[in-house]
1. Could you say whether any residue in the stretch B:43-53 is more than 19 Å from residue A:123 (Cβ to Cβ), more than 15 Å from DNA strand D (Cβ to nearest atom) and within 12 Å of the chain's Cα centre (by Cα)?
2. Which one of these is more than 11 Å from DNA strand C (Cβ to nearest atom) and more than 14 Å from every other protein chain (Cβ to nearest Cβ): B:13, B:48, B:67?
3. Among the residues of the stretch B:102-122, is there at least one that is more than 9 Å from every other protein chain (Cβ to nearest Cβ) and surrounded by 16 or more Cβ atoms within 10 Å (Cβ to Cβ)?
4. So residue B:59 clears everything in (1) within 14 Å of another protein chain (Cβ to nearest Cβ); (2) within 11 Å of DNA strand C (Cβ to nearest atom); (3) at pLDDT below 95 except one condition, right? Which one?
5. If you scan the stretch B:106-127, which residues turn out to be in contact with a helix residue (DSSP H, G or I) (Cβ under 8 Å, 6 or more places away or on another chain) and more than 14 Å from residue A:110 (Cα to Cα)?
6. Considering each of B:22, B:9 in turn, give the residue that is over 27 Å from residue A:127 (Cα atoms) and in contact with a helix residue (DSSP H, G or I) (Cβ under 6 Å, 6 or more places away or on another chain).
7. For the stretch B:82-97, give me the residue count where each residue is more than 10 Å from chain A (Cβ to nearest Cβ) and either part of a loop (DSSP other than H, G, I, E, B) or under 30 Å from residue A:67 (Cα atoms) (or both).
8. Taking the stated definitions as given, is residue A:41 in contact with a helix residue (DSSP H, G or I) (Cβ under 7 Å, 6 or more places away or on another chain) and either within 14 Å of DNA strand C (Cβ to nearest atom) or closer than 18 Å to residue B:133 by Cα (or both)?
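The values are calculated or read from the model by the stated rules, or taken from the named source; none is laboratory data. The structure presented is a predicted model; accordingly, all values stated were derived computationally and were not measured. So basically every Cβ, Gly included, is an ideal-geometry build from the backbone, and we count neighbours across all protein chains shown.
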DNA sequence: TTAGTTGCAAACAATTTGCACGTTG
DNA sequence: CAACGTGCAAATTGTTTGCAACTAA
């Protein structure tokens, strides 16, 4: 959390935003909570550490962290968003529509696809969202 | 539209749903409207052809068409969904956050990525969403 | 004829916002 | 101390739903 604060300060200062206690707390949670929590889950967890935090702050912080690029937003087949601290190895998610399990899929093709996009269209990529849905191997076999 | 109706009939009959006038009209619009209309846009266009259609029907129809696989849903960086008739050549979208332009990006890597996902994890893929955002070449140069 | 479909308006869920007060640099 | 951050509750947005009337097969 100390680390998160220092790091946040460096990331937020240039854009005139502050590294507050609550922001560091949320970034920390995002890095410690396994999986891909949604805003509500983060809110509940954050309240355990700081009971005075509000859901509005969670949303505002998520938007800010996303803008600075330290977290990503994912749509895992539900009507609300999920979040994840960016990982050093790029990957995407496959969500089983039956059991809800999320598989993280890593492949070199992803980097190649991204660099091809950048190169061919000369775009500045700020965000790419890849989310797949279907049936996992287990649920697929368990015919019902 | 006659064609859409025949085609719809074949697609919907097996699941006990009907090929109605309004459904054919909406599918037709999705195939004729350039770009990636959202529900509201489709509603406005549909009303020109059938003033008695409701927004609820648009949403219900979009969900149904998506389920049968004839259309796709995309998240282009706005808070609402956009739709598109499935195209024979798979592609994904890059939306410029400044001018709003949408670039369709086709690459063989996409098919390879999908088949690798299926093969390695033995999943049944029902839906994959790839949406990228950033600055297009033009807006990138036009520094402001 | 009978199940599926639609319009309408109300309900909903997720997220955003205005404002007065608190906090950071 | 000036600018930014926060809690609270209300507002907004996009989408879904219950129900009575309608229509396709």
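1. No - not one qualifying residue is present in the stretch B:43-53.
2. Working: B:13 fails: more than 11 Å from DNA strand C (Cβ to nearest atom); B:67 fails: more than 14 Å from every other protein chain (Cβ to nearest Cβ).
Going through B:13, B:48, B:67 in turn, the sole match is B:48.
3. yes
4. Unmet for residue B:59, out of (1) within 14 Å of another protein chain (Cβ to nearest Cβ); (2) within 11 Å of DNA strand C (Cβ to nearest atom); (3) at pLDDT below 95: (3).
5. To start, the set of residues in the stretch B:106-127 that are in contact with a helix residue (DSSP H, G or I) (Cβ under 8 Å, 6 or more places away or on another chain) comprises B:107, B:109-110, B:112-113, B:116, B:121-125.
Selection gives B:121, B:122, B:123, B:124, B:125.
6. Working: B:9 fails: in contact with a helix residue (DSSP H, G or I) (Cβ under 6 Å, 6 or more places away or on another chain).
Residue meeting the stated conditions: B:22.
7. Taking the stretch B:82-97 as the starting set, the residues that turn out to be more than 10 Å from chain A (Cβ to nearest Cβ) are B:82-91, B:93.
Those left that are additionally either part of a loop (DSSP other than H, G, I, E, B) or under 30 Å from residue A:67 (Cα atoms) (or both): B:82-84, B:86-91, B:93.
Total meeting the criteria: 10.
8. Numbers: in contact with a helix residue (DSSP H, G or I) (Cβ under 7 Å, 6 or more places away or on another chain): no; either within 14 Å of DNA strand C (Cβ to nearest atom) or closer than 18 Å to residue B:133 by Cα (or both): yes.
Against the criterion (in contact with a helix residue (DSSP H, G or I) (Cβ under 7 Å, 6 or more places away or on another chain) and either within 14 Å of DNA strand C (Cβ to nearest atom) or closer than 18 Å to residue B:133 by Cα (or both)), residue A:41 does not qualify.
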